[in-house]
Every structure is written in C-alpha cells, then in structure tokens.
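The structure appears right after this line, and notes come after that.
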Amino acid sequence: MAKLGANIGTAVLAASLAAGVAWAAGEETHIERQPWTFAGMFGRFDEAQLQRGFKVYVEVCQRCHSIKRLYFRNLVQPGGPSFSEAAIKSIAGNDYQVDDVPDEQGKINKRPATLADSIPPPYPNEQAARDAQNGALPPDLSLIARARGVDAGTPFYRVPDTMVRDILSSYQEAGADYTYAYLMGYGEPPADTKMAEFMNYNKAFPGHQTAMPNPFIAGDGLVKYDDGTPSTVDNYARDVAAFLSWVADPMLQERKRLGLLVIFYLLITAVLLGFAKRRIWRDAH
C-alpha cells in the first residue's frame, strides 16, 4: 500500500508540474469546432472525403509518417473510403514493396504488397526516421485522432454543463478538430517569440513550436483532386483530418448504428414494462 501511495503521489505531482508549466507558458489555445459529416449521433463518414484524405496522406503525409494499423483491405471495406478492390490491388501491387518470408538462405527479399498487407512505413526504423528529421520522430498516424484532443478551457464551475452538452451532442470529434487546427495553424511567429533551432511556429500546438514543418507550404494546387473538389489548403487539412479520424475509429458508423438500436430497444422495453405494471397493479388501487 505504501508503494502504491508513493506511485500515486508521484503521478499527481508530475501532472501538477505539467499543468503548471502549460499554464505558465500560456499554451492554452482555443480550437474551433468544425462541421464534420461523422459528427453527432447520426453522423456518417463521407466516402468521397475519405478518398480525398487518403490521396492527401499518400502524396504529402506519407513522406514522413507511418500508418501501421491501416491495411490495404481496410480501404475496400464498407464504412470507409470504399475504394474498388481492383483499384487498391493496383495501388498496393504497383506502388508498394513489403518484406517477403525468408528464403532458404534466410535472406529477406521484397515483394509487391497485397490487400492482406499493412501500408509500409516511410522509414525502416526509428533511428532512420530521426536521422532524416533532425532528431525528431514523426509519430505514427494510426491513432493520432484519438491521441489528440481539445482543451475546453472552461472554468471549473462550467465543467458539469459542458460535459452534459458534449454527451447530448455525442461530441467525439476533438481529435479531428485539433488535427485540422494544427494543419491550418502554421504562420510567422510573433516578433517577441524566440524560435528554437529546427522548430516551426504553429498557433494551435501547445507551446507554439513544433518540429514538423508546414506540409502544405506550397499552397493551393499541391494535390490535385480527381472529383473536382477545389485543391485548397483548407480542403487538404479538412479531408486528411477526416481520413485520420476514420483510421483511428473505422467502426464508428457501426457503433452508432448499434447504439441507436439499443436506445430504441430500451425505449420499447420501458413502454412495455409500463403497460405491464399498470395492468398488474390496476386492481390494487
């Protein structure tokens, strides 16, 4: 028990110190909530948006970031981008090489990727990634939309009603809101801000200094959409944020569908139990 108490005390102290540093540095930044098709109780992913987001990831983000939990077959399954199987087979086989099983001499050769393979990372290991990025390690993006969130910044006395509001609105898009704000947050630092070496100013990032350079610094036209959607930085950020939200929670639509069925079942059950109670006890009054 003493050891457990010491561990808890250490954890609380660490959290307090971290909070104190964040407050002292003035890192709290207001993140605007964005309109997402997958928001709310009845929200659904937009297949066309996910397809555009995958294109942005491949042409821009994949140069540095892995997405290890995503398999090529996931891109074909319902509830996601829903590409045709032939299209993804072609992309996997022509654009990606993965490690094959060792041969008789124990040598590992490369082979074209198939639907059963996960998307290969851009670097063979962490050391190679750090060497290419001035010591910074680009995070894997598989769960980034769940690993990031938004600090409401509300006073303590407003926490209860804020929680109720988020529950009633089924707010789960904090990761997407932060990702979009982060990608759109690059700019010139204020005159009184001293930037560390290899750091870039970002108004949405805690501390406002991030090792990741602006991926859309080339501006509009960097990625050409095939469906006629305007090729703007705003659309790039919005589409890839939606795509990463799907990658982090590919069963979102199924969860919401099941949740609605459960609510409907409970309502019907409550009505039937009410009628049964009235019938059973009506003679007792």
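Points to keep in mind about this one:
- From the list Y180, Y123, Y186, the lone residue that is of a type in the set (F, W, Y), within 15 Å of A241 (Cβ to Cβ) and in contact with a helix residue (DSSP H, G or I) (Cβ under 6 Å, 6 or more places away or on another chain) is Y180.
- Single match in G228, G207 (criterion: more than 16 Å from V56 (Cα to Cα), in the same structural domain as L168 (by TED's automatic domain parsing) and of a type outside the set (D, E, K, R)): G207
- Taken as a whole, the condition of being at negative phi, in contact with a Ser or Thr (Cβ under 8 Å, 6 or more places away or on another chain) and either touching a residue at least 60 places away in the same chain (Cβ under 8 Å) or part of a strand (DSSP E or B) (or both) does not apply to P81.
Here's the yes/no breakdown for (1) under 13 Å from M184 (Cα atoms); (2) among the hydrophobic types (A, V, I, L, M, F, W, C):
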position: K203; (1), (2): yes, no
position: G207; (1), (2): no, no
position: S231; (1), (2): no, no
position: V240; (1), (2): yes, yes
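- Scanning the range 187-244 for residues that are within 25 Å of R148 (Cα to Cα), touching a Gly at 6+ places or on another chain (Cβ under 6 Å) and in a loop (DSSP other than H, G, I, E, B) returns K203, A204.
- Qualifying residue in the range 250-273 (condition: under 28 Å from S142 (Cβ atoms), touching an Asp or Glu at 6+ places or on another chain (Cβ under 9 Å) and of a type outside the set (D, E)): yes
- Residue within the range 107-128 that is assigned to a helix (DSSP H, G or I) and of a type outside the set (A, V, I, L, M) present: yes
- Of everything listed in (1) without any contact (Cβ under 8 Å) to a residue 40 or more places away in the chain; (2) buried (at least 19 other Cβ atoms within 10 Å of the Cβ); (3) of a type in the set (A, V, I, L, M, F, W, C), the single unmet condition for I263 is (2).
- The lone criterion from (1) over 21 Å from the mean Cα position of the chain (by Cα); (2) within 27 Å of Q51 (Cβ to Cβ) left unmet by P213 is number (1).
- Within the range 177-191, the presence of at least one residue that is more than 21 Å from the chain's Cα centre (by Cα), exposed (fewer than 12 other Cβ atoms within 10 Å of the Cβ) and in contact (Cβ under 8 Å) with a residue 12 or more places away in the chain is confirmed.
- Among residues of the range 63-78, those that are touching a residue at least 24 places away in the same chain (Cβ under 8 Å) and either among the charged types (D, E, K, R) or closer than 14 Å to D117 by Cβ (or both), counted: 11
- Selection status of L115, closer than 29 Å to L183 by Cα and either modelled with pLDDT under 95 or of a type in the set (A, V, I, L, M, F, W, C) (or both): no
- Residue identified as surrounded by fewer than 12 Cβ atoms within 10 Å (Cβ to Cβ) and within 25 Å of the chain's Cα centre (by Cα) among V164, V101, V150: V164
- So L222, is it of a type in the set (A, V, I, L, M, F, W, C), under 26 Å from A129 (Cα atoms) and surrounded by fewer than 17 Cβ atoms within 10 Å (Cβ to Cβ): yes
- Residue-level check: of (1) modelled with pLDDT under 95; (2) of a type in the set (A, V, I, L, M, F, W, C); (3) in contact with a Ser or Thr (Cβ under 7 Å, 6 or more places away or on another chain), A241 misses just (1).
Listed here are the residues, each with its yes/no results for (1) small (G, A, S); (2) outside any loop (DSSP other than H, G, I, E, B); (3) not assigned by TED's automatic domain parsing to the domain that holds P250.
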| site | (1), (2), (3) |
| --- | --- |
| I88 | no, yes, yes |
| G135 | yes, no, no |
| T154 | no, no, no |
| S170 | yes, no, no |
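The values are calculated or read from the model by the stated rules, or taken from the named source; none is laboratory data. Note that this is a predicted model, so its numbers are computed, not measured. Here the Cβ is made from the backbone with ideal geometry for all residues, glycine too, and neighbour counts use every protein chain on show.
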